[in-house]
Amino acid sequence: ADEYNPVPVKHKDQLYLYFTGDNRLDGSGDEDIFFSKELQVKMTFSKPDPILINTKQQEAVTYVSNTNPVTLIYYGHYSEDLKGNLYKSKLENGIWSSRYKFPQPINSHHFEGDGILYNDNILLFVSDRPSENAFNPKGELFHGDYWGNTDIYVSIKYGNNNWTEPINLGPEINTAFAERSPSLSDDGLTLYGSSDGHPGLGRLDVFKSTRTNTADWSSWTTPQNMGVAINTPFNDLGYKI
């Protein structure tokens, strides 16, 4: 089966690897979230366990905090979701809280996924909502694949769990084709993400770009392809530091 969306995170000097497994025999069905612990031999891991928020529907991990309590952000596609949305859960005293669905204007009736938190109040995510580029929804054949022309957005938390209208990261980052799986450096200045629109080796490739104005989320250097050590002629995504 398929395993993807790796999220490595340290808690009290213990390295955990969270990931998404699709139709694994030890899952609940469809996409599920699993975690594994690094063993004493570096980069060897324990048998994965599913986390207890999994259902027979789709859950795909995109972010796990290194704080206490642990904050998990994931893509969920449930009966109330038209195309899948962003959800959150917290791990306290070994128990995952009930799923929390991010409100509008983050979630919509379009696809939202690939959510990551920065400084606990900045959310980067991907959506196929209409933008300045032509609208090509995820799931329909476009540009040789089914990604659509998803863009990367940012929303900032204010007040009592309110979120600003999402800001499109702009034409330097987003193209008329698919952008996926954003990831930020610890200082919030370097963006890693996958694109099917910037010059690359094949389909989705991993790129990096630097913010040129720390007060502006739409000012970036021209994305650099991460090269043949990372990218292939196929889809490369889910890059995490």
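Among 125, 135, which is the only one that is aromatic (Phe, Trp, Tyr), assigned to a loop (DSSP other than H, G, I, E, B), within 27 Å of residue 234 (Cβ to Cβ) and in contact (Cβ under 8 Å) with a residue 12 or more places away in the chain?
135
State which residue is nearest to residue 4 (Cα to Cα) when the search covers only the stretch 138-187 and only residues that are among the aromatic types (Phe, Trp, Tyr) and buried (at least 16 other Cβ atoms within 10 Å of the Cβ).
If we take residues in the stretch 138-187 being among the aromatic types (Phe, Trp, Tyr) and buried (at least 16 other Cβ atoms within 10 Å of the Cβ), then 147 is nearest to residue 4 (Cα to Cα).
If a residue must be of a type outside the set (S, T, N, Q) and exposed (fewer than 14 other Cβ atoms within 10 Å of the Cβ), how many such residues does the stretch 39-59 contain?
So the answer is 8.
What number of residues in the stretch 60-79 are in a loop (DSSP other than H, G, I, E, B) and open to solvent by 10 Å² or more (accessible area, probe 1.4 Å)?
Summing the residues that are in a loop (DSSP other than H, G, I, E, B) and open to solvent by 10 Å² or more (accessible area, probe 1.4 Å) in the stretch 60-79 gives 5.
Which members of the stretch 80-94 meet the condition of being on the phi > 0 side of the Ramachandran plot and open to solvent by 40 Å² or more (accessible area, probe 1.4 Å)?
Residues satisfying the conditions are 93, 94.
If residue 116 passes every condition in (1) under 18 Å from residue 237 (Cβ atoms); (2) of a type in the set (Val, Ile, Thr); (3) open to solvent by less than 10 Å² (accessible area, probe 1.4 Å) but one, which one does it miss?
Condition not satisfied by residue 116: (3).
Scan the stretch 8-38 residue by residue and report those that are open to solvent by less than 90 Å² (accessible area, probe 1.4 Å) and more than 20 Å from residue 239 (Cα to Cα).
11, 14, 24, 26, 27, 28, 29, 30
The values are calculated or read from the model by the stated rules, or taken from the named source; none is laboratory data. Because the structure is predicted, anything quoted here is derived from the model rather than measured. A quick note on method: Cβ atoms are made from the backbone with ideal geometry, for glycine too, and the neighbour counts reach across all protein chains shown. Heads up: the accessible areas ignore ligands, DNA and RNA and are worked out on the full protein's heavy atoms, side chains in. Shrake-Rupley method; radii C 1.70, N 1.55, O 1.52, S 1.80 Å.
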